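The values are calculated or read from the model by the stated rules, or taken from the named source; none is laboratory data. This is a predicted model, so every value here is computed, not measured. No Cβ is skipped: glycine too gets one built from the backbone with ideal geometry, and neighbour counts run over all protein chains shown.
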Protein chains: 2
Amino acid sequence: MTTISMHAASVPVFAKMLDNMLNWLEAAKAHAEARKFPADNYLTLRLAPDMLPFTKQIQIASDSAKGCVARLAGQEIPKYEDSEATLAELAERIRKTRDYVLSVPVAAFEGSEGREITIPRRSGEPLKFDGLNYLRHFATPNFYFHVTTTYALLRHAGVPLGKNDYLG
Amino acid sequence: MTTISMHAASVPVFAKMLDNMLNWLEAAKAHAEARKFPADNYLTLRLAPDMLPFTKQIQIASDSAKGCVARLAGQEIPKYEDSEATLAELAERIRKTRDYVLSVPVAAFEGSEGREITIPRRSGEPLKFDGLNYLRHFATPNFYFHVTTTYALLRHAGVPLGKNDYLG
């Protein structure tokens, strides 16, 4: 059975979608300028009153990517302050995340499909996975959840984006 | 470099999220019953007037999964009629898709990371990928786009779902 590496199944996926998100924020900024409203108005949008707002969607997308890469590579997870208060600062968070995931050496992923990964939870026992199941059934869907919700919030807010912007 | 198979990076991902979607549709049905509205009212919901409706989101999630698996495995892509007109028929579509992707033998994915994949487009040149880039930069994000938009539509419509339902 020919195969692909855990690095190939994770880092390029995160890096590409994070780059795409930067383009969406550019489009959001241009839309705000054209319609003459403050671009930071996006930050508090929610798809439902009991869903997390735009800012949190981006912060958690970032956390999913950097957490996954660090855990698979056996590195300390970079800590970011979650203090972003403008669209520009959210873009900077995305850029920093992309640069981090791209900086982790391919060799650090060696054996990561079998590495034991433990995810603490706010309540209850921590979740335990091997690296492969963590990547495909937790980190990746979680990442796409917050990425796609970010996109959906912008579409819902009238920002002119399409599937080609989503895929990049 | 230890590695994972193309099958392991695709089929279980699609199968698990399709199973999760079945649970969301059950929750949507229960919500409709509790609030006494026809469950098929969900089918025409859109997040924005220029986005595809609920039914199409599920049909395309299905197409992304079965198209990806068939193309990687070098099989004919199963054709479904896109004639679903009820929530129950959409659930049946999801079940059929899950059963199909699980039915494709692991051995058929041999060498698929390098297989040339051609995706026709409504206008312009077809897209060409090798199997790995097709999986990670086209089929998987496309799948998650439509899966997450389905989830977002249900959340937006008040169906009580949370991240644990999303991840399964």
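Considering each of B:ALA91, B:ALA85 in turn, give the residue that is in a helix (DSSP H, G or I) and either of a type outside the set (S, T, N, Q) or out of contact with any His (no Cβ under 7 Å at 6 or more places or on another chain) (or both).
One residue alone meets the criteria, B:ALA91.
With the requirement that a residue be of a type in the set (A, V, I, L, M, F, W, C) and either touching a Pro at 6+ places or on another chain (Cβ under 6 Å) or more than 26 Å from B:ASN164 (Cβ to Cβ) (or both), what does region B:1-44 give you?
Once the filter is applied, which keeps residues that are of a type in the set (A, V, I, L, M, F, W, C) and either touching a Pro at 6+ places or on another chain (Cβ under 6 Å) or more than 26 Å from B:ASN164 (Cβ to Cβ) (or both), region B:1-44 yields B:MET1, B:MET6.
For region A:110-141, enumerate the residues that are within 7 Å of chain B (Cβ to nearest Cβ) and assigned to a helix (DSSP H, G or I).
A:GLU113, A:LEU132, A:ARG136, A:HIS137, A:PHE138, A:PRO141
Of A:GLY67, A:GLY74, A:GLY158, A:GLY131, which residue is out of contact with any Pro (no Cβ under 6 Å at 6 or more places or on another chain), surrounded by 22 or more Cβ atoms within 10 Å (Cβ to Cβ) and modelled with pLDDT of 95 or more?
Result of the check over A:GLY67, A:GLY74, A:GLY158, A:GLY131: A:GLY131.
Kindly list the number of the only condition in (1) surrounded by fewer than 19 Cβ atoms within 10 Å (Cβ to Cβ); (2) among the hydrophobic types (A, V, I, L, M, F, W, C); (3) outside any loop (DSSP other than H, G, I, E, B); (4) touching a residue at least 24 places away in the same chain (Cβ under 8 Å) that fails for A:ALA107.
Checking A:ALA107 against (1) surrounded by fewer than 19 Cβ atoms within 10 Å (Cβ to Cβ); (2) among the hydrophobic types (A, V, I, L, M, F, W, C); (3) outside any loop (DSSP other than H, G, I, E, B); (4) touching a residue at least 24 places away in the same chain (Cβ under 8 Å), the one that fails is (4).
May I ask you to list the residues in region A:29-51 that are touching a residue at least 40 places away in the same chain (Cβ under 8 Å) and within 14 Å of chain B (Cβ to nearest Cβ)?
A:HIS31, A:LEU45, A:ARG46, A:LEU47, A:MET51
Determine, yes or no, whether A:THR44 is under 14 Å from the mean Cα position of the chain (by Cα) and under 26 Å from B:THR149 (Cα atoms).
No; evaluated as a whole, the condition is false for this residue.
Give just the number: which of (1) in a loop (DSSP other than H, G, I, E, B); (2) in contact (Cβ under 8 Å) with a residue 12 or more places away in the chain; (3) among the basic types (Lys, Arg) does B:LYS79 not satisfy?
(2)
If A:ILE119 satisfies every condition in (1) in contact (Cβ under 8 Å) with a residue 40 or more places away in the chain; (2) surrounded by fewer than 18 Cβ atoms within 10 Å (Cβ to Cβ) but one, which is the exception?
(1)
Considering only region A:65-76, state which residues are assigned to a helix (DSSP H, G or I) and away from every other protein chain (no Cβ under 14 Å).
The answer is A:LYS66, A:GLY67, A:VAL69, A:ALA70, A:ARG71.
All but one of (1) crowded, with 16+ Cβ neighbours inside 10 Å; (2) closer than 29 Å to B:VAL13 by Cα hold for A:LYS96, so report the exception by its number.
Answer for A:LYS96: the failing condition is (1).
Among the candidates B:SER10, B:SER62, which residue alone is at the interface with chain A (Cβ under 10 Å from one of its Cβ atoms), surrounded by 20 or more Cβ atoms within 10 Å (Cβ to Cβ), closer than 16 Å to B:PHE145 by Cα and at pLDDT 95 or above?
B:SER10
Which ones in region A:1-45 are of a type in the set (Val, Ile, Thr) and under 19 Å from A:ALA88 (Cα atoms)?
Result: A:THR44, single match.
Can you say whether B:VAL147 is crowded, with 21+ Cβ neighbours inside 10 Å and either in a helix (DSSP H, G or I) or touching a strand residue (DSSP E or B) at 6+ places or on another chain (Cβ under 6 Å) (or both), as far as the supplied structure shows?
yes
What are the pairs with Cβ atoms under 8 angstrom where one residue, in region A:150-168, is at positive phi and the other, located anywhere, is basic (Lys, Arg)? Sequence gap at least six, or different chains.
A:GLY158/A:ARG35; A:GLY168/A:LYS16
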